[in-house]
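The values are calculated or read from the model by the stated rules, or taken from the named source; none is laboratory data. Model, not experiment: these values are computed from the prediction. Using ideal geometry, Cβ is built from the backbone for each residue, glycine included, and neighbour counts are taken over all protein chains shown.
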Amino acid sequence: MESYYTLVLIAGILVVFVLLVLIVTDYNYFKVEIPPDADRPSKLRFCHCVYALMEILAKNLSRLGVVEEHTLLRLVTDGLPALGDSLLFTKDLHFDGVPVRIYLPREPSAGKRRGVILFHGGCGIFGSIRSHERICRYIAKKSDSVVVSVGYHLSPEYKYPAQSLECLRATVHFLQTAHAYGVDPARVIVCGSSVGGTYAASVCQELVPRTDLPKICAQVLIYPFLQALNFSLPSYQKNAFTALLSRERTVRYILKYLGKDCSLEEPILAGSHVPESMNLKYRKWINPDLIPEVFKVGYKPPPPASFLPRVHEEVPELFECRFSPLLAEDAVVCQLPDTCIVTCGHDVLRDDGLLFKKRLEDNNVRVTWHHVEKGFHCTMEFFGYGIFSFPSSSTVLNHTVEFIKGY
């Protein structure tokens, strides 16, 4: 027995030693700035360090051929399974080949309920129906809605634009079959966080010309990613080294999602992937001058980027409306449904939401905007995890529920 404990102790020391070596060799993963006004800064730093450590471990295990990097990170981001809920029926189905989970309130309804289609975040690489289980349950119960969580297939196993197309297919199927689930097809809302917000915005845009389907009545975009032209906007500068989603991480995950060479990260961050003609064309929509002054404290215009045709040709996907919904023409934007946009103060993607808000308002689309100053990217995804949750997690989700209840 004594020798057993000795072996366990030695193994523990070796594990700690290996982790310390990995931390030293990949110290940049831990480089983070946590402002004192962020939501629970000490807890946020702890969560970031845990995630950074998992990133380092996943990267090194992948190098050794033990497990793919994204496989280990998916285990972390999926979180713990939720316990059963006596107030809801849940059912796993496929909508036109796309996995979904439906949450139906058990309480009988006097009439048809509203429907909410939720697209989870995770850069198109992580996240799942399970990772957003607590969020979907809360929405279903608090808004008395039928919630459909879409489990689109992830990259790199399924190449872009499979994720966006699957979200579209699932939405079309639900609109066509809403009555079967006790849902009024005229009261269907699409909702997404992070890249899920990208998919929600893309789905709404692609459904604009469809006259054979009921219209989406509203969209909810929670700290959405909406453009890949300018990574030097004020929010990218202010939150360049913020927890969980830094400026560099954003572009790195974009390249991984698209299956591109990560050596393109630096020139894309510098803006070398965008020709001057394109900068001029989209300047009316993607421009730091359009950001309210209160959000531009400390902003410094970046030096002019040298256009690199090779980089531009490597990433044509970045300029598609499906990937960058902010690039849609006004003829499409003016026909979009009522929109709720939630932004967070400590998020590189804050200005994507602000720019889209202005575009929608300029096109006479009704917009409800909530800004969570202490919030950070992915804060809602911590909802329901007890001591690991944040006040801003509930704030973001409650803003979402209150908006949904208005339809």
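In the stretch 329-349, what residues are within 24 Å of Val116 (Cα to Cα) and assigned to a helix (DSSP H, G or I)?
Once the filter is applied, which keeps residues that are within 24 Å of Val116 (Cα to Cα) and assigned to a helix (DSSP H, G or I), the stretch 329-349 yields Val332, Val333.
Taking Leu326, is it part of a loop (DSSP other than H, G, I, E, B), in contact (Cβ under 8 Å) with a residue 40 or more places away in the chain, assigned by TED's automatic domain parsing to the domain that holds Thr198 and crowded, with 18+ Cβ neighbours inside 10 Å?
When the stated conditions are applied, Leu326 does not pass them.
Are there any pairs, at least 6 apart or on different chains, whose C-beta atoms fall under 8 Å, with the first in the stretch 374-387 and within 19 Å of Asp352 (Cα to Cα) and the second surrounded by 24 or more Cβ atoms within 10 Å (Cβ to Cβ) and acidic (Asp, Glu), and if so, which?
Gly375/Asp347; Phe376/Asp347; His377/Asp347
Kindly indicate the residue of the stretch 280-301 that is modelled with pLDDT of 95 or more and β-branched (Val, Ile, Thr) and also surrounded by the fewest Cβ atoms within 10 Å (Cβ to Cβ) among those meeting that condition.
Val294
So which residues in the stretch 246-265 are more than 16 Å from Glu313 (Cα to Cα) and surrounded by fewer than 18 Cβ atoms within 10 Å (Cβ to Cβ), if there are any at all?
Within the stretch 246-265, Glu248, Arg252, Lys256 qualify.
Looking at Ile117, is it assigned to a strand (DSSP E or B), of a type outside the set (Phe, Trp, Tyr) and either closer than 23 Å to Tyr257 by Cα or without any contact (Cβ under 8 Å) to a residue 24 or more places away in the chain (or both)?
yes
Taking into account only those residues within the stretch 266-278 that are surrounded by fewer than 18 Cβ atoms within 10 Å (Cβ to Cβ) and out of contact with any Ser or Thr (no Cβ under 9 Å at 6 or more places or on another chain), which is nearest to Leu326 (Cα to Cα)?
The extreme case among them is Met278.
Where residues in the stretch 135-154 are closer than 19 Å to Leu397 by Cα and among the hydroxyl-bearing types (Ser, Thr, Tyr), which of them is nearest to the chain's Cα centre (by Cα)?
Out of the qualifying residues, it is Ser149.
Report yes if Gly192 is within 20 Å of Ile139 (Cβ to Cβ), in the same structural domain as Thr339 (by TED's automatic domain parsing), in contact (Cβ under 8 Å) with a residue 24 or more places away in the chain and part of a helix (DSSP H, G or I), otherwise no.
When the stated conditions are applied, Gly192 does not pass them.
Residues that are among the hydroxyl-bearing types (Ser, Thr, Tyr), at least 1 per element: which helices (runs of 4 or more DSSP H) completely within the stretch 228-293 meet that?
Of the helices (runs of 4 or more DSSP H) lying wholly inside the stretch 228-293, those with at least 1 residues that are among the hydroxyl-bearing types (Ser, Thr, Tyr) span 234-238, 247-258, 276-282.
Among (1) acidic (Asp, Glu); (2) closer than 30 Å to Ile34 by Cα; (3) assigned by TED's automatic domain parsing to the domain that holds Ser393, which single condition is Asp362 missing?
Condition (2) is where Asp362 drops out.
Where residues in the stretch 206-222 are crowded, with 19+ Cβ neighbours inside 10 Å and touching a helix residue (DSSP H, G or I) at 6+ places or on another chain (Cβ under 7 Å), which of them is farthest from His370 (Cα to Cα)?
Among them, the one singled out is Glu206.
One line per residue, one yes/no per condition, for (1) of a type outside the set (Gly, Ala, Ser); (2) closer than 24 Å to Gln335 by Cβ; (3) assigned to a loop (DSSP other than H, G, I, E, B):
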site: Ser131; (1), (2), (3): no, no, no
site: Val147; (1), (2), (3): yes, no, no
site: Leu154; (1), (2), (3): yes, no, yes
site: Val188; (1), (2), (3): yes, yes, no
site: Ser202; (1), (2), (3): no, yes, no
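For the stretch 255-306: of the residues being in contact (Cβ under 8 Å) with a residue 24 or more places away in the chain and of a type in the set (Ser, Thr, Tyr), which is nearest to Gly124 (Cα to Cα)?
Of everything passing the filter in the stretch 255-306, Tyr257 is nearest to Gly124 (Cα to Cα).
Within the stretch 302-320, track down each residue that is under 27 Å from the mean Cα position of the chain (by Cα) and buried (at least 17 other Cβ atoms within 10 Å of the Cβ).
Result: Val311, His312, Glu314, Val315, Glu317, Leu318, Phe319.
Considering (1) surrounded by fewer than 20 Cβ atoms within 10 Å (Cβ to Cβ); (2) aliphatic (A, V, I, L, M); (3) closer than 17 Å to Cys217 by Cα, say which one Ala162 fails and leave the rest.
(3)
Kindly indicate the residue of the stretch 93-114 that is farther than 27 Å from Gly259 by Cβ and without any contact (Cβ under 8 Å) to a residue 24 or more places away in the chain and also nearest to the chain's Cα centre (by Cα) among those meeting that condition.
Across the stretch 93-114, the extreme among qualifying residues is Leu93.
Could you tell me whether any residue of the stretch 120-134 is over 24 Å from Thr379 (Cβ atoms) and either under 14 Å from the mean Cα position of the chain (by Cα) or among the aliphatic types (A, V, I, L, M) (or both)?
No, the conditions are met nowhere in the stretch 120-134.
Across the stretch 351-395, which residue is surrounded by the most Cβ atoms within 10 Å (Cβ to Cβ) among those that are β-branched (Val, Ile, Thr) and part of a strand (DSSP E or B)?
Val372
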